[in-house]
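In what follows, a single structure is set out as structure tokens and then discussed.
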Amino acid sequence: MPNDVTITDADEHLWRDFQSLAQRSYGHPVADITLLYRHADARVAVRGNRVIAGGLGVLVPQFFGGQPVPAACLACGCVAPEERGRQMWDRMIDERIHPLQEQGAVVATAWSTASGSGHRLGWGAPAQVFTWTVPTEQLRQSFADNTGFEIAHGALPQDYLVQRELAASWNGPWQRPDWWQGWQQDKHPGLAHYRFHRPGQNVEGLLALAIEHGPAHGAHLVVHDFWAASKEAAAAMFAFLGRYNGRIPTVVFQRTGLPPAPVLLSQLHRIGALAAEHWHPWMLRVLDVHQAVRLRGWPDDLDLTLPLELVTDAGDGTHCFTLRIAAGSGELEPSDRDGMVTLTRAQFAVWFAGGYRSQTAATLAGVRGKPQDVRRLVAATADREPWLPEHF
């Protein structure tokens, strides 16, 4: 990247310039540039008096193995179209991560279309991401409306504790900060919240949705949050959505709005009515492998000692470690012993998030080692699936 470019913390003047740049780059205004600014570290690249790139970084813990791990979550990044192809993006990523790493971040997360460049820099994509669209009438026909659940409008403070408990059962969700609800309400002013519980019992389901209108297809229901503690709660939530069949033809579970579980697909009467749209993935980079392994949660009954080799991001060398997991704790120690399993940094990130569901999947992705050793490694993080329900 040219030496005449300075990357700096953005004051309000520089950030307004970046807003104009982002609108030109994306082709539309980006609401989060304004809404997240007061919660984030804002960085811009400047040549002379002109802002040519920028982005936000938010320090938010993400759940892995049931424990919150400090994460640098990157949002709203872009480079001016006329400046692309000069390695500026690589430097911008590092400069945006650095201040958050100084505050304790040990992993970094971003929604990105640049998966090829990301893999080169040690980023892995733990999961595929889909938006699901289903006719409202199909939900009405497939899920009984006599589930016995009571439904209440609005969110209560104790509901956030329920959401946090459910979030910890996946790899990737945010431990949502206090400003989360206000940010989402500002971002989606029509958002409505509902909670589901059996009479006299605790809340088992949380739903957030909005009615959106489009010129081509009329109104549709968009689900932004779907948290279910049981199959029965999920069925009650689907049945509730089916009640909109009289005036809204389709329900859209946005790309982060439905967990990667087959509860919807397995119970629809006509699976052909369901439409899936693939989106670019969320990507994860482990900034400090030692701290990430130490802070992550691990199954209490897991007892594993396995030598590993991590290939450097440049691919020109390896570092040897010994992974030890016992009694719910993990550590990664430097070692002079050859590894029994070899991973790139991107593959390590996918494994860390539980993205490999089998030895076959890991091997096909390029993880090297004897089948039994790869199988043991995969099993260590396979107790929870990867899902990032927050879009930023």
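A few remarks follow.
- P(r) weight above 14 Å for the stretch 234-296, C-alpha pairs, percent: 72 percent
- A cut-off of 5 Å between modelled amide H atoms, ignoring neighbours fewer than 5 places along the same chain, links Thr250 with Thr136, Leu221.
- Cα→Cβ-extended label distance, 7 Å offset, between Thr312 and Asp338, nm: 2.1 nm
- The chain - percent relative contact order, Cα under 8 Å, separation 6 or more: 19 percent
- Column: log10 I(q)/I(0), Debye, Cα scatterers of the stretch 51-189, q = 0.10, 0.12, 0.21 Å⁻¹: -0.51, -0.70, -1.40
- Evaluating 6.51 cos²θ - 1.76 cosθ + 1.60 at θ = phi - 60° for every residue in the stretch 63-74, the Karplus couplings come out as 7, 9, x, x, 10, x, 10, x, 10, 9, 9, 9 Hz, glycine and proline recorded as x.
- Percentage relative contact order, the stretch 1-140, counting C-alpha pairs under 8 Å, at least six apart: 21 percent
- Long-range amide H partners of Glu150 with built H, under 5 Å: His197, Arg198
- Whole-Å distance, taken between Cα centres, linking the stretch 33-87 and the stretch 114-137: 19 Å
- Close amide-amide hydrogen proximity is noted between Val46 and Thr6, Ile7, Thr8, Ile52, each under 5 Å apart and 5 or more residues distant or on a separate chain (H modeled in the peptide plane; Pro and chain starts excluded).
- When both bridge partners sit in the stretch 259-344, DSSP labels roughly 80% of those beta bridges antiparallel.
- Area of Leu59 that stays accessible when all protein chains are in place (1.4 Å probe, Å², to 10): 70 Å²
- Largest first, the three principal axis extents of the alpha carbons in the chain are 62, 57, 39 Å in whole numbers.
- Peptides 113-119, 307-313, 296-302 ranked from most to least packed, by the mean per-residue count of other Cβ atoms within 10 Å: 307-313, 296-302, 113-119.
- In order through the stretch 205-212: 3J(HN,Hα) via Karplus (6.51 cos²θ - 1.76 cosθ + 1.60), integer Hz, x for Gly, Pro: x, 10, 9, 10, 8, 9, 8, 10
- Summary value for the stretch 295-392: 25 percent relative contact order, contacts being C-alpha pairs under 8 angstrom separated by 6+ residues.
- Apportionment of accessible area to carbon and sulfur, the chain, percent (1.4 Å): 49 percent
The values are calculated or read from the model by the stated rules, or taken from the named source; none is laboratory data. What you are looking at is a predicted structure, and each value in this text was computed from that prediction instead of being measured. We place every Cβ from the backbone using ideal geometry, glycine too, and count neighbours over all the protein chains shown. Only protein heavy atoms, including side chains, enter the accessible area calculation; ligands, DNA and RNA are left aside. Shrake-Rupley method; radii C 1.70, N 1.55, O 1.52, S 1.80 Å.
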